[in-house]
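Participant: Attaching a single structure in structure tokens format; questions to follow.
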Amino acid sequence: MLRQGLKDLFIQELTPSEKFYFLKEAREAIEHKGYPANETLFHYCYFLALKERMRWIKSEGGEGYMRVLLVEGRKEIEDTIKQYEERLEEVKRPTPDPSGYKFLEFFSEEPSG
């Protein structure tokens, strides 16, 4: 089972549209790529959502150091995504993970309290 800390990170750090993107990517990874529903998949999807966030940040006004930070940040996120994807590829399944629906449900549930 997944740690509650991951759900807390999901809830606190991602915007509603990023949560939707995360869940869409997770579903595709489980159903179409055969990735197992585990913490590695969480981190893979989390960094995909951060990459999407970075895509929307503009450095208009053109200060050079802001552009450098954005480019370097994107590169680091892409490298991290690649590392998690390689880990998932090593353990991917020929059929979808039967516990995948629990993974999606876990992150789709509204927090209680």
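Participant: Which length gain, in nm to one decimal place, applies between LEU6 and GLU52 when the Cα-Cα distance is subtracted from 0.36 nm times their residue separation?
Facilitator: So the chain would gain 14.7 nm between LEU6 and GLU52.
Participant: Take the eigenvalues of the Cα gyration tensor for the chain, scale each by 5, and report the square roots as semi-axes in whole Å, largest first.
Facilitator: 28, 18, 11
Participant: Where in the range 27-85 are there trypsin sites (Lys or Arg not before Pro) that are in a DSSP coil and have at most 11 other Cβ atoms within 10 angstrom of their Cβ?
Facilitator: Sparse-neighbourhood loop trypsin sites (Lys or Arg not before Pro): LYS58.
Participant: Right, something else. Taking +1 at the Cβ of each Lys and Arg and -1 at the Cβ of each Asp and Glu, which of THR95, MET54, GLY73 sits farthest along the dipole of the chain towards its positive end, judged by Cα position relative to the Cα centre?
Facilitator: Positive-most Cα among the choices belongs to THR95.
Participant: Are there any GluC sites (Glu not before Pro) in the range 12-113 that are in a DSSP loop and have at most 15 other Cβ atoms within 10 Å? List them by number.
Facilitator: GLU60, GLU63, GLU109
Participant: Still on this structure, I have one more. Too long at a 25 Å Cα-Cα cut-off: which of LYS7/LYS51; LYS58/LYS92; LYS7/LYS58; LYS33/LYS58? Intermediate results must be reported in sequence, preceding the final value.
Facilitator: Details: LYS7/LYS51 19 Å; LYS58/LYS92 36 Å; LYS7/LYS58 29 Å; LYS33/LYS58 32 Å.
Distance filter (> 25 Å) returns LYS58/LYS92; LYS7/LYS58; LYS33/LYS58.
The numbers here are math on the coordinates, done by the rules we state, and not lab data. Predicted model, so just to flag it, every value in this text is computed and none were measured. In this analysis, Cβ positions are derived from the backbone assuming ideal geometry, glycine residues included, and neighbour counts consider all displayed protein chains.
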